[in-house]
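The values are calculated or read from the model by the stated rules, or taken from the named source; none is laboratory data. Small disclaimer: the values here were computed from a predicted structure and weren't measured. When we count neighbours, we look across all protein chains shown, and the Cβ atoms used for this are built from the backbone with ideal geometry, even at glycine. Surface accessibility is based on the protein's heavy atoms, side chains included, excluding ligands, DNA and RNA. Shrake-Rupley method; radii C 1.70, N 1.55, O 1.52, S 1.80 Å.
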Amino acid sequence: MQQAGGVEGQLTITLDWDGEYVTAVSIASSRPLQMPRIFTGKSVNYLLDTLPLLYSVCGTAQACAAVTACEQAMGICQDPVRSQGRAILVLLETAKEHAWRISYDWARMVGEGESADAVARLMALMGSFRDVIYPELKPFMPGVQPGVTDPARLDALQAELEQTLQASVFTIPLDSWLGIDSPDGLLAWASEAHSVAARFISQLVAGDQMSIGEAPYHALPVLDALTLDSLLMSEGADALIAQPTWEGETYETGPMTRVADHPLLVALRRQYGHGLLVRAVARLVELASIPGDIRRGVDCLANHIGCESTVVVELEQGRGIAQIEAARGRLIHRIELDQESVVSYRILAPTEWNFHPGGVLAQGLAGMHAGSEQVMRTQAAMLINAIDPCVAYELVVR
């Protein structure tokens with residue numbers, strides 16, 4: 001069981017087990033999904049100052065989604081440079097969250113002590129990047145523009161980010177690791193590298209656990225802002241937020257859906273299906289890719305090179321929709337304003353997609369085989385952590 005935390009509530013995952021197979025799965029949530037209603041009648045500034053403080057996990061992504069939705073509702077044009085500056089901070093947070101899972105969860109699963117070194121270094125880098133790109137500014141306030149006043153310092157921070165990930169996770173240059181494109185290549189790296197990540201992958205293979213939790217793969221499709229606005233202002237909005245579906249189907253969102261086309265993942269899915277190994281490697285693929293994504297973002301800030309045009313969202317005045325790829329999946333915020341006063345605020349989080357009672361976790365746990373309750377609990381915990389709730393959970397076996 002993970003420790004429960006504050007405002008986020010927790011999940012209770014109950015497995016019916018007949019001594020050999022999981023025969024039924026139920027997932028219940030105590031998450032306070034209507035909490036954003038506390039902002040009704042409050043100012044935009046109050047919302048943007050307060051909301052990130054309420055989330056101990058992915059607060060940067062929450063802040064980014066909030067200010068993006070507010071800017072749309074206020075009629076502030078979305079600028080690609082402004083978007084890239086914020087995206088860099090969200091990417092750094094994603095790297096930190098992935099490193100946390102590896103340094104803490106994976107370390108425990110291979111019987112080693114937890115190590116805070118990489119996570120602490122990445123948290124420090126988050127602050128340093130922010131200081132360089134937004135000196136004495138709040139990045140998540142309407143209209144605030146990033147800048148690069150010290151390019152040499154920014155280059156040094158990018159190099160330190162790559163070195164930190166190479167030393168603590170991959171043991172070889174990130175580009176070389178991303179060049180691995182076959183199961184044999186992955187296993188060769190895992191057998192030769194000296195890191196928790198490599199030992200975790202080796203353990204999955206040695207224990208024949210690669211396909212644990214295999215389930216049909218349905219990536220959350222692109223949903224346009226007009227559709228989301230309509231859904232999140234409808235009478236069924238609360239039900240959608242609690243147990244989201246799209247056109248009658250449940251979907252998955254997260255690292256797996258963002259890097260699914262990487263050659264290594266394509267090869268692994270072909271051999272092992274959408275199970276534990278593929279999900280673990282998807283986390284590594286995304287983590288190794290983040291420094292390159294940040295490098296491209298910095299080029300946009302410093303030289304206006306490679307800046308992607310921002311999609312213009314055509315909503316009625318006073319309404320805003322933001323879709324941000326947070327560490328655990330797509331985070332959606334919707335706001336409605338009257339002048340600068342909040343009329344309505346709603347959040348659809350990735351947890352509700354991935355931990356839907358009929359979603360990818362429930363499908364992966366159903367039918368799971370284990371020779372003992374302890375083995376079953378261990379396997380279930382590995383799958384839960386691979387899909388990754390952003391809140392505490394309790395695993396109950398009946």
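In the range 8-114, counting only helices (runs of 4 or more DSSP H) that sit wholly within it, the ones holding 1 or more residues that are polar (S, T, N, Q), closer than 28 Å to residue 159 by Cβ and over 17 Å from the mean Cα position of the chain (by Cα) span 80-100.
Being part of a helix (DSSP H, G or I), out of contact with any Leu (no Cβ under 6 Å at 6 or more places or on another chain) and closer than 17 Å to residue 118 by Cα holds for only one residue in 188, 152, 198, and it is 198.
Residue 116 fulfils the conditions (1) surrounded by fewer than 18 Cβ atoms within 10 Å (Cβ to Cβ); (2) at pLDDT 95 or above except for a single criterion, (2). The residues in the range 201-226 that are under 19 Å from residue 253 (Cα atoms), part of a helix (DSSP H, G or I) and at pLDDT 95 or above can be counted, and the count is 0. Selection over the range 81-92 of residues that are in contact with a helix residue (DSSP H, G or I) (Cβ under 7 Å, 6 or more places away or on another chain) and farther than 13 Å from residue 293 by Cα gives a count of 1. Scanning the range 273-318 for residues that are touching a His at 6+ places or on another chain (Cβ under 6 Å) and among the charged types (D, E, K, R) yields a count of 1. Within the range 171-199, residues that are closer than 21 Å to residue 108 by Cα have Cβ atoms under 9 Å from residues that are open to solvent by 70 Å² or more (accessible area, probe 1.4 Å) and not acidic (Asp, Glu) in these pairs: 171/194; 190/199; 193/199; 195/167; 198/191, counting only partners at least 6 apart in sequence or on another chain. Can you spot a residue in the range 134-143 that is open to solvent by less than 50 Å² (accessible area, probe 1.4 Å), within 26 Å of residue 350 (Cα to Cα) and not in a loop (DSSP other than H, G, I, E, B)? Looking for residues that are open to solvent by less than 50 Å² (accessible area, probe 1.4 Å), within 26 Å of residue 350 (Cα to Cα) and not in a loop (DSSP other than H, G, I, E, B), one finds none in the range 134-143, hence no.
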